[in-house]
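Student: Input: one structure, supplied below.
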Amino acid sequence: MKILIVRLSAIGDVVHCLPLAAQIKARLPQANITWLVEPPARALLENNPAIDQVVVFEKKDLTSRLKDPLQLGTVISKFKTLLTTLSANHFDLAIDAQGLLKSALLARASGAPVRVGFKGAREGADFFMTDTLDVGDYYNLTTHVVDHNIALANFAVDLLARRKNLVPEASPGTITFPLPIPKSSVQQEIKTLLSGHGVTGGGGSDDSRAQSNDAAPPPGSIPGAQPLPLRLNCPIAVLIPGTTWQTKIWPAQHWIDLGVGLIGAGVGRLIICGGIADEGTNQSIYKGIESRLGKNRHLIDLTGKTDLIQLIAVFQSANLVVAADSGPMHLAVASAGPWVVAIHGSTPWLRNGPYGPRGRAVYAGIVCQPCFSKTCALTTIECLRDLPASKVLQAIVETLD
């Protein structure tokens, strides 16, 4: 029995869909699951215990080639190869977990006789499905995306079981996020990086010494807030400031204040992570913390130095991850190692926050929040501007307690 999952992007959305695959495997152990995905999230699905085959849709490459008329033949050839690969699998079921026209068309092109998606999906995607699940308003602010995906998995399994005269297993009592296991060499590499060795750019060496800056506030203090009488039992904490929407970006100065507070509270290693696009912002945050505390062996910048599998290893070694609403934040949740505190601006924390008991969302709680918009109607983004580091630090203390 062959099942196709179509969830092309983005990294956070792919992570949210991992429990769907795990649910299907648990209820139909005999199922062979193929996942159609775009390249950025590919590594999360290869060597994944819930996924038997990965097919990659090179959308960005094909789109860029279309700009050159001489590349049209190559684009057509590559797209035909993709469609041939899909149809050759003779899928019994295709699940469109993305709910867009592009994902629906690819599910339809797979040739699967049963195609399942959400009712009322955008761009008329549900028109190409044979069966749809009505969850009401898919974008409502209070139902988590993971819960929608679990419901879709159960709907698809029960539908296929009836058509194939199968008796599926009962739904498991726990929701899991299957991930590839980092190789021992990767784990050792990350262990070395987290120790501070091999990190360039200052502040990472064990030979450096924390130096007090006479002009700076005392270590651990946050301007405008009373010092917290605390000592955190947290050997390794990770900060992930970067994200996409402008209305999800917490100001760099707040990240600096938080970093100073965490190190002052006794965090052993404070790791700043992100992609290449985040290097400028993260370096300013790194330097801002360093300017307050002096050159500090507790602070390490791994921005642009980790791929997704290495990032999993970082998270599995950490005690705490503090992040904006982003793909890496959800990957931290899936890694099942650290406590995760997410900083929310425009996005709904009940729908898009860190899933499960080890996650917590922090937000200002102003009247227009969450607006679920990429732009601020007030142009002030005060939901993030007015969320102080002291409130986030207090949430961290309560979470770790």
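The values are calculated or read from the model by the stated rules, or taken from the named source; none is laboratory data. Small disclaimer: the values here were computed from a predicted structure and weren't measured. Please note: Cβ atoms are built from the backbone with ideal geometry, for glycine as well, and neighbour counts cover all protein chains shown.
Student: Does region 357-387 hold any residues that are under 22 Å from residue 142 (Cβ atoms) and among the aliphatic types (A, V, I, L, M), and which are they?
Tutor: 361, 362, 364, 366, 367, 377, 384, 387
Student: Determine which single condition residue 319 fails, assuming it passes every other condition in (1) surrounded by fewer than 20 Cβ atoms within 10 Å (Cβ to Cβ); (2) free of Cβ contacts under 8 Å to residues at least 40 places away in the same chain; (3) closer than 21 Å to residue 181 by Cβ.
Tutor: Of everything listed in (1) surrounded by fewer than 20 Cβ atoms within 10 Å (Cβ to Cβ); (2) free of Cβ contacts under 8 Å to residues at least 40 places away in the same chain; (3) closer than 21 Å to residue 181 by Cβ, residue 319 misses just condition (2).
Student: Also: Can you pull out the residues in region 322-355 that are more than 12 Å from the chain's Cα centre (by Cα) and either modelled with pLDDT under 95 or among the aliphatic types (A, V, I, L, M) (or both)? If you could, list the steps in order and put the result at the bottom.
Tutor: The first filter runs over region 322-355 and keeps only residues more than 12 Å from the chain's Cα centre (by Cα), leaving 322, 336-339, 341, 343-351.
Residues satisfying the conditions are 322, 336, 337, 341, 343, 350.
Student: Okay, moving on. Name the one entry in 340, 333 that is under 18 Å from residue 11 (Cα atoms) and assigned to a strand (DSSP E or B).
Tutor: Being under 18 Å from residue 11 (Cα atoms) and assigned to a strand (DSSP E or B) holds for just one of 340, 333, which is 340.
Student: Here's a follow-up. Listed residues 184, 87, 110; which is buried (at least 22 other Cβ atoms within 10 Å of the Cβ) and of a type in the set (Ser, Thr, Tyr)? Write out each step before concluding.
Tutor: Working: 184 fails: buried (at least 22 other Cβ atoms within 10 Å of the Cβ); 87 fails: buried (at least 22 other Cβ atoms within 10 Å of the Cβ).
Result of the check over 184, 87, 110: 110.
Student: Looking only at residues that are out of contact with any helix residue (DSSP H, G or I) (no Cβ under 8 Å at 6 or more places or on another chain) and of a type in the set (A, V, I, L, M, F, W, C) in region 93-152, which one is farthest from residue 360 (Cα to Cα)?
Tutor: 112
Student: Working carefully through the options 250, 245, 255, find the one that is on the phi < 0 side of the Ramachandran plot, surrounded by fewer than 19 Cβ atoms within 10 Å (Cβ to Cβ) and among the aromatic types (Phe, Trp, Tyr).
Tutor: 245
Residue-wise test of (1) among the basic types (Lys, Arg); (2) modelled with pLDDT of 95 or more.
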site: 257; (1), (2): no, yes
site: 264; (1), (2): no, no
site: 271; (1), (2): no, yes
site: 274; (1), (2): no, yes
site: 285; (1), (2): no, yes
site: 288; (1), (2): no, yes
site: 292; (1), (2): yes, no
site: 307; (1), (2): no, yes
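Student: Now for a different question. With the requirement that a residue be part of a loop (DSSP other than H, G, I, E, B) and crowded, with 19+ Cβ neighbours inside 10 Å, what does region 10-30 give you? Walk me through how you get there before you give the answer.
Tutor: To start, the set of residues in region 10-30 that are part of a loop (DSSP other than H, G, I, E, B) comprises 10, 28-30.
Answer for region 10-30, where residues must be part of a loop (DSSP other than H, G, I, E, B) and crowded, with 19+ Cβ neighbours inside 10 Å: just 28.
Student: Which members of region 237-262 meet the condition of being more than 18 Å from residue 391 (Cβ to Cβ) and part of a helix (DSSP H, G or I)?
Tutor: Within region 237-262, 246, 247 meet the criteria.
Student: On to the next question. Scanning region 359-390 for residues that are among the charged types (D, E, K, R) and surrounded by fewer than 16 Cβ atoms within 10 Å (Cβ to Cβ), which turns out farthest from residue 234 (Cα to Cα)?
Tutor: Of everything passing the filter in region 359-390, 374 is farthest from residue 234 (Cα to Cα).
Student: Which residues, taken from region 130-152, are in a helix (DSSP H, G or I) and touching a residue at least 12 places away in the same chain (Cβ under 8 Å)?
Tutor: Selection gives 145, 146, 148, 149, 150, 151, 152.
Student: Another one. If I filter region 62-82 for residues that are in the same structural domain as residue 153 (by TED's automatic domain parsing), within 20 Å of residue 116 (Cβ to Cβ), buried (at least 16 other Cβ atoms within 10 Å of the Cβ) and in contact with a helix residue (DSSP H, G or I) (Cβ under 7 Å, 6 or more places away or on another chain), do I get at least one hit? So that I can check it myself, show each step before the final result.
Tutor: Of the residues in region 62-82, the ones in the same structural domain as residue 153 (by TED's automatic domain parsing) are 62-82.
Add one more test, that the residue is within 20 Å of residue 116 (Cβ to Cβ), and what stays is none.
Looking through region 62-82, none of the residues is in the same structural domain as residue 153 (by TED's automatic domain parsing), within 20 Å of residue 116 (Cβ to Cβ), buried (at least 16 other Cβ atoms within 10 Å of the Cβ) and in contact with a helix residue (DSSP H, G or I) (Cβ under 7 Å, 6 or more places away or on another chain).
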